[in-house]
Amino acid sequence: MRISSIFLALTLSLPILGLILAALLGQPSPIGSDGMVSGSTLTHLWNYVLTDYIVTTLLLCFGVGIGVFILGVGNAWLIANYQFPGKAIFEWALILPLAVPAYVMAYLFVDFLQHAGPVQTLLRENLGLIVSLPDPRSLGGAIWTFTMCLYPYVYLVARTSFLDRSARFMEVAETLGYTSVEAFIKLVLP
């Protein structure tokens, strides 16, 4: 490895190392009377905010995982195994969220679904409905946004798999006497 590569890597990692050292050693803060956080900064963070952040992150991961699984696998199964009007349109329309960057989609969800946004304004002014949609800036809104951004990845992989193998598995399921739901859960899904 070249010396210049090592020097560049060390130079670029200095800000991160500085943050780690500041967190471990403590840094001046207006919290304590002496200008220092009592104990270390990590102890302060752990006691006051880190547990909430960890719980919220786990809930976000779990919610997005369930949502992506339901939308991605469910839509892939329908597209791969059933014939219905507009199937060709849905087959490609379901991957369109890949064309929109996640931060743009998040901004659009917040802008359109907030109280002063066009969706609630249309419902109030034109239809006379007083609707209070869930806050798009909440945990549920984040789960919804991430799910809408990420399900196409699961959809593409699952659809390819279902198109490749599902016909054979369904024939085997018929010979074993499984219903379509049992065949999906026991043979196709794993």
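The values are calculated or read from the model by the stated rules, or taken from the named source; none is laboratory data. Fair warning: this is a prediction, and the values are worked out from it, not measured in the lab. No Cβ is skipped: glycine too gets one built from the backbone with ideal geometry, and neighbour counts run over all protein chains shown.
Here are some notes:
- Of D52, D34, all but one fail to be at pLDDT below 85, of a type in the set (D, E, K, R) and either over 30 Å from L133 (Cα atoms) or out of contact with any Lys or Arg (no Cβ under 8 Å at 6 or more places or on another chain) (or both); the exception is D34.
- No other residue among G128, G72, G140 is farther than 18 Å from L60 by Cβ and out of contact with any His (no Cβ under 8 Å at 6 or more places or on another chain) apart from G128.
- Test: residue in region 65-79 that is surrounded by fewer than 12 Cβ atoms within 10 Å (Cβ to Cβ) and under 16 Å from A158 (Cα atoms): no
- In region 166-189, of all residues being of a type in the set (S, T, Y) and buried (at least 17 other Cβ atoms within 10 Å of the Cβ), the one that is farthest from V110 (Cα to Cα) corresponds to Y178.
- Of everything listed in (1) loosely packed, with under 11 Cβ neighbours inside 10 Å; (2) at pLDDT below 90; (3) not hydroxyl-bearing (S, T, Y), the single unmet condition for L96 is (2).
Yes/no per residue for (1) farther than 25 Å from I70 by Cα; (2) modelled with pLDDT of 90 or more; (3) within 24 Å of the chain's Cα centre (by Cα):
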site	(1), (2), (3)
M105	no, yes, yes
L123	yes, no, no
P136	no, no, yes
G177	yes, no, no
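- In region 38-142, counting only helices (runs of 4 or more DSSP H) that sit wholly within it, the ones holding 1 or more residues that are within 26 Å of V181 (Cβ to Cβ) span 51-81, 87-93.
- So A183, is it in a helix (DSSP H, G or I) and closer than 20 Å to V68 by Cα: no
- Criterion (exposed (fewer than 15 other Cβ atoms within 10 Å of the Cβ), touching a residue at least 12 places away in the same chain (Cβ under 8 Å), out of contact with any Ser or Thr (no Cβ under 6 Å at 6 or more places or on another chain) and on the phi < 0 side of the Ramachandran plot) met by exactly one of L150, L163, L156, L129: L163
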